[in-house]
1. Checking L73 against (1) out of contact with any Asp or Glu (no Cβ under 6 Å at 6 or more places or on another chain); (2) open to solvent by 40 Å² or more (accessible area, probe 1.4 Å), only one condition comes out false. Which one?
2. Checking R61 against (1) in a helix (DSSP H, G or I); (2) farther than 21 Å from Y82 by Cα; (3) among the basic types (K, R), only one condition comes out false. Which one?
3. Which one is surrounded by the fewest Cβ atoms within 10 Å (Cβ to Cβ) among residues in segment 76-100 that are in a loop (DSSP other than H, G, I, E, B) and touching a residue at least 60 places away in the same chain (Cβ under 8 Å)?
4. Any chance you could count how many residues in segment 44-75 are without any contact (Cβ under 8 Å) to a residue 12 or more places away in the chain and touching a Pro at 6+ places or on another chain (Cβ under 8 Å)?
5. Say whether the condition of being of a type in the set (A, V, I, L, M, F, W, C), surrounded by fewer than 18 Cβ atoms within 10 Å (Cβ to Cβ), assigned to a strand (DSSP E or B) and in contact with a Cys (Cβ under 8 Å, 6 or more places away or on another chain) is met by at least one residue in segment 32-53.
6. Within segment 2-14, is even one residue in contact with a helix residue (DSSP H, G or I) (Cβ under 6 Å, 6 or more places away or on another chain), part of a strand (DSSP E or B) and open to solvent by less than 30 Å² (accessible area, probe 1.4 Å)?
Amino acid sequence: MPFYRGRVVDLTDIRRITADLPRSYEVLVRDRIKFRVGQIVYLAVAPDEQTIGLGFPREERAAALEAEPGKFLPPRPSDERYQWIELNLAAVEYDELRELILDAWALCVPKKVRAAYFGD
């Protein structure tokens, strides 16, 4: 059941989505809230909480940036080598945010953990 309340998604929504993800935990690193699996960061919230960076297939990044430039932003130059993209939270609703976060998390966990969570 979606929790979207007709407003911009925020950190509360992000925490709700990540709360039950196996092996996921939250840390604060240099004014950025980050969500990790082990030492791998799969989601990072900007200090102003207006954008997030998240795991995203590198081979799909250019297409996403071109198709939806108001929603997706390129990663910082230091993050371009990673499977990473930036997301404008004002341009996304809860259900899409949930899907993107689950996809980012799925990039980081072992296949058996992913399969157990999704019921594959």
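The values are calculated or read from the model by the stated rules, or taken from the named source; none is laboratory data. Note that the structure is a prediction, hence the values are computed from the model and not measured. Methodologically, a virtual Cβ is constructed for each residue, glycine included, from the backbone with ideal geometry; neighbour enumeration extends over all protein chains shown. Surface areas here come from the heavy atoms of the whole protein model, side chains and all, with no ligands, DNA or RNA. Shrake-Rupley method; radii C 1.70, N 1.55, O 1.52, S 1.80 Å.
1. Condition (1) is where L73 drops out.
2. Here R61 clears every test but (2).
3. Once the filter is applied, the top-ranked residue is E93.
4. Count: 0.
5. Checked against the condition, which is being of a type in the set (A, V, I, L, M, F, W, C), surrounded by fewer than 18 Cβ atoms within 10 Å (Cβ to Cβ), assigned to a strand (DSSP E or B) and in contact with a Cys (Cβ under 8 Å, 6 or more places away or on another chain), segment 32-53 yields at least one hit.
6. No, the conditions are met nowhere in segment 2-14.
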